[in-house]
1. If you line up the long axis of helix 234-244 against the longest principal axis of the chain, both from Cα atoms, how many degrees apart are they, to the nearest 10?
2. How much space per residue, in cubic angstrom, does the convex hull of the C-alpha atoms of the stretch 1-133 take up?
3. Suppose R0 equals 45 Å. What FRET efficiency, 1/(1 + (r/R0)^6) with r the Cβ-Cβ distance, do Val346 and Gln196 give to the nearest 0.05?
4. If you average 1/r over every pair of different alpha-carbon atoms in the chain and take one over that average, what Kirkwood value in Å do you get?
5. Mind running the shape call on the stretch 295-451? Use the C-alpha gyration tensor, a ≥ b ≥ c as the square roots of the eigenvalues: rounded below 1.5 for a/c, prolate if a/b tops b/c, oblate otherwise.
6. Rounded to the nearest 500, what is the 222 nm mean residue ellipticity of the chain from helices alone, with -39500 (n - 2.57) per DSSP H run of 4+ residues and division by all residues?
7. Applying a 10 Å radius around every beta-carbon, put 170-178, 353-361, 281-289, 189-197 in order of their mean neighbour count, most first.
8. If you take the beta carbon distance between Ser331 and Gln18 as r and set R0 to 25 Å, what does 1/(1 + (r/R0)^6) give as a FRET efficiency, to the nearest 0.05?
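Laboratory data are not the source of any read-out in this text; all were calculated from the coordinates shown. What you see is a predicted model; the values in this text were computed from it and never measured. Please note: Cβ atoms are built from the backbone with ideal geometry, for glycine as well, and neighbour counts cover all protein chains shown.
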Amino acid sequence: MTTEYLALIRHGSYINGQWHSSDSVFSVLDKATNAQISVVANAQPAQMCAAIDAANNALPIWSTHSGAQRSQLLSNWHTLITEHREALAQLLTREQGKPLAEARAEIDYGAGYIKWFAAEAERICGDVMEGVNANQSMQVVKKPVGVVGAITPWNFPNAMITRKAAAALAAGCTFVVKPAADTPLSALALAALAHQAGIPQGVLNVVVGTDAQSMGRELTQSPKVAKLSFTGSTKVGQLLIKDCAATVKRVSMELGGNAPFIVFDDADIEAALEGAMQAKFRNAGQTCVCANRFLVQAGIADAFVAALRDKVATLSQGNGIDNVDLGPLISQQAAANVHALVEDAVQKGARRHTDTTWNNSAFYPPVILSDISTDMHIMHQEIFGPVVALSTFDTEEQAICMANATEYGLAAYFYTRNYARMQRVANALQFGMLGMNQAVISNPAAPFGGVKHSGYGREGSKYGLDDYLSLQYRCIGTH
Ligand code: ADP
């Protein structure tokens, strides 16, 4: 029995360095067993307001810490997360459902952003330019944007927070996050470790509650919040952008995807199969960069499907804590949504290559469907489940046209051994991130983000601080 995670459980929001308690609570469930892991105080708009005030009060001091001081505190946080890796991973698996190996990988990945931005905090620099006139000098200085509000989803309950918080704190901003109500415990555990790391009160606040709309409104309407960073659905992102207009906030939006996974007949098929398994089945298909539409060149499609079916047949499914390949989806409702997409496709002529029987639980079986056509919902929506939906194409032009035929533009994958084709296809694809003969593309050194309805802003990489900094131009007379 794995119980290290119990020591990291907290029972209410972390606001101004203190833990909030209340008689009004909500339950956090183990997604594999539905057993209650813990109850958590249900924050109301008043707590969100208090967190915003705390972040605003902490801003003058935090933003005038030196880059080296902020870097040191972020490094302390990183060290503690690494030391508590196993407990954080257990907690994550229980409240989110993903297999333990994937949860450990998420802790490493999430901590990687803290390490990355701890280093970036020391490298913030502007410019000194020649004056246009002889008696002038011009400077450009980078300043923190101010208080940052963040709203994060349940599919990566640790890393979606660290990659926003670490960038904000490194830039000298203070931070208030509202995590998804399905997975508040990983967020609170991160706050507990930030506290232990010595991050000053008010600099990082975590507000957990079930009324997303009211708490979101506090964040979007507050004149004290200078920027909103959101990861979640396009529908909610659009609402938030609109709500931020009145106070003219900076916004970063990491929204939905509909990633194509293209396999040309000149590809290394074994590599493509391996990539397909990674890009489709990680987190049981519940990531915004998961392969959503498999586009396979007609001549190799039958062989590709047969080989993929053999690999899928080896996947084990069960409680993530038991180190299976596939855990449950986030809820029974999520599985029902996936099933509706599968049924719609089958009804409209999709061919089944695996059993699609679903037992009405949160566990959805891995499914392969081919002969997918544009009249099927599965072609246009994020599946967010372990379902391969495959269509074929004849020519490169056709593949590009099919891949771009979506309002989304987050990630795209393609496999070919032809170098000229790699360049042509990459130039033509309208996506923020490309996996070219590669299916695992996200890491702290890379700019994560999309175009079109997948949003704007980039997280990670040397560009990741830009969203949290504003430029001040200084024109200096030198008479
Ligand atoms: P998902 O499909 O991943 O659940 P959502 O966009 O619904 O995506 O949720 C992402 C985050 O946005 C969660 O923290 C959720 O609580 C929050 N959220 C959902 N609806 C709203 C809203 N109307 N205002 C503010 N936040 C919201």
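1. That helix lies at roughly 20 degrees to the long axis.
2. Value for the stretch 1-133: 169 Å³ per residue.
3. Using R0 = 45 Å, I get an efficiency of 0.30.
4. 23.2
5. Since a/c reaches 1.5 and a/b is larger than b/c, the shape of the stretch 295-451 is classed as prolate.
6. Using -39500 (n - 2.57) per qualifying helix, the result is -12000 deg cm²/dmol.
7. 170-178, 281-289, 189-197, 353-361
8. Computed FRET efficiency for Ser331 and Gln18 comes out at 0.20.
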